[in-house]
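Structure first, commentary second.
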Amino acid sequence: MPKFAANLSMMFTEVPFLDRFEAAAKAGFKYVEYLFPYEYPAAELKAKLDQYGLKQVLFNTAPGNVAAGEWGVSAIPGREAESHRDIDRALEYAIALECPSVLVMAGVVPDPKEYAKYKQTFIDNVRYAADKFKPHGINVMLEALSAAVKPNYLYASQYQTLELIDLIDRDNVFVQLDYFHAQIVEGNLTRITDDVKAKLGHIQIASVPDRHEPDEGEINYTHIFNKLDEIGYDGWVGCEYNPRGKTEDGLVWFEKYKNR
C-alpha cells in the first residue's frame, strides 16, 4: 500500500503553516509535502519534522513572480541563470530536510508558437538539476498540469511528461503523476498508470471535479490504490486537495491507511 503524505500547503490551513506539522502528525500522517519551503530557514523546518516524527518527501523549486502569472521559470529562455539559482537553492533545502525528491517547475509559456524553444530550455535546465541532485541521491520530478488549472503551462499530458523524460535522458528524473490533472486532461487512469509505471516517482490525489477529499467525485480511488499495489508502487501519495471543510473532519477516508 502506498504511503500517504499530507500536503501542508492545502491541508490543515485552519492553523498557521508551522503548526501544520503537529496537526498532520496528530491526524496520523507520517509523511508531508508542500509547495515551497523558502519562507522559512531549512533548520526550522527540519526541527518541526524531527519534533513530530515526520519525513519530508517533496517540495517544488521556486515559482517566480506568481503575481505576474508565473509558475516556474525553467522553461523560459533567457532566465537560465535564475532557474539554476532556484535549483541550487532547492538542493540546499532538500539536503537539509533529507527530502528525496524535488519538483522542477517549468513555467507558463507566453507564446505557444515558440513551444520548441521553451521545451529545449526546460530540457537543458532539468538536465542541470538532475546532474546537481544525482550525487546526493535526490530525484527530479516532472508534473503535467491541466490547462483548466494552469493555462499555458509548458505541458499538460502524462505522455508529454514521458517524452520530456526520454529527451532529458537522466536516470534520476521521474513522473509526478497527479491523478486530478490526469483525469481532467486524459482520463483512462488505469492505462495511464500502466504506461508511466516504469518512471513513476511520486503521486498526488484529489477528487474531480472539485479537488476535495478522494472519497467523492468521478475518480474511484479504491481502484486506483489497488492498481498501485498491483504494479508494485511503494512510493508516496501526496494528498494535494482542498478539504471540504475542517481538514480533520474530512479524513474519514484516511482511517484505514494511516497506520501503514
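Please work out which residue is least open to solvent (accessible area, probe 1.4 Å), limiting yourself to segment 186-202 and to residues that are out of contact with any helix residue (DSSP H, G or I) (no Cβ under 8 Å at 6 or more places or on another chain) and in contact (Cβ under 8 Å) with a residue 12 or more places away in the chain.
By that ranking, first place goes to H202.
Taking the stated definitions as given, is V175 crowded, with 22+ Cβ neighbours inside 10 Å and hydrophobic (A, V, I, L, M, F, W, C)?
Criteria met by V175.
Among the numbered criteria (1) out of contact with any strand residue (DSSP E or B) (no Cβ under 7 Å at 6 or more places or on another chain); (2) among the aromatic types (F, W, Y); (3) open to solvent by less than 40 Å² (accessible area, probe 1.4 Å), which one does Y52 miss?
(3)
If you scan segment 211-239, which residues turn out to be open to solvent by 60 Å² or more (accessible area, probe 1.4 Å) and either touching a residue at least 24 places away in the same chain (Cβ under 8 Å) or in contact with a strand residue (DSSP E or B) (Cβ under 7 Å, 6 or more places away or on another chain) (or both)?
Matches in segment 211-239: D215, E218, H223, D229, D234.
Using beta carbons and a limit of 7 Å, which pairs, at least six apart or on different chains, have the first residue in segment 144-159 and within 13 Å of D178 (Cα to Cα) and the second one charged (D, E, K, R)?
So the pair list comes out as S157/E186; Q158/E186.
Here are A68, A96: which of them is hydrophobic (A, V, I, L, M, F, W, C) and within 21 Å of Y31 (Cβ to Cβ)?
A96
Condition test on K246, is it among the basic types (K, R), at pLDDT below 95 and either surrounded by fewer than 17 Cβ atoms within 10 Å (Cβ to Cβ) or closer than 26 Å to N60 by Cα (or both)?
no
So which residues in segment 20-42 are touching a residue at least 60 places away in the same chain (Cβ under 8 Å) and closer than 17 Å to L103 by Cα, if there are any at all?
Y31, E33, P37
The values are calculated or read from the model by the stated rules, or taken from the named source; none is laboratory data. These figures come from a predicted structure and were not determined experimentally. Cβ sites come from the backbone with ideal geometry, for glycine too, and all protein chains shown count toward neighbours. Keep in mind that these areas ignore ligands, DNA and RNA; they rest on the heavy atoms of the full protein, side chains included. Shrake-Rupley method; radii C 1.70, N 1.55, O 1.52, S 1.80 Å.
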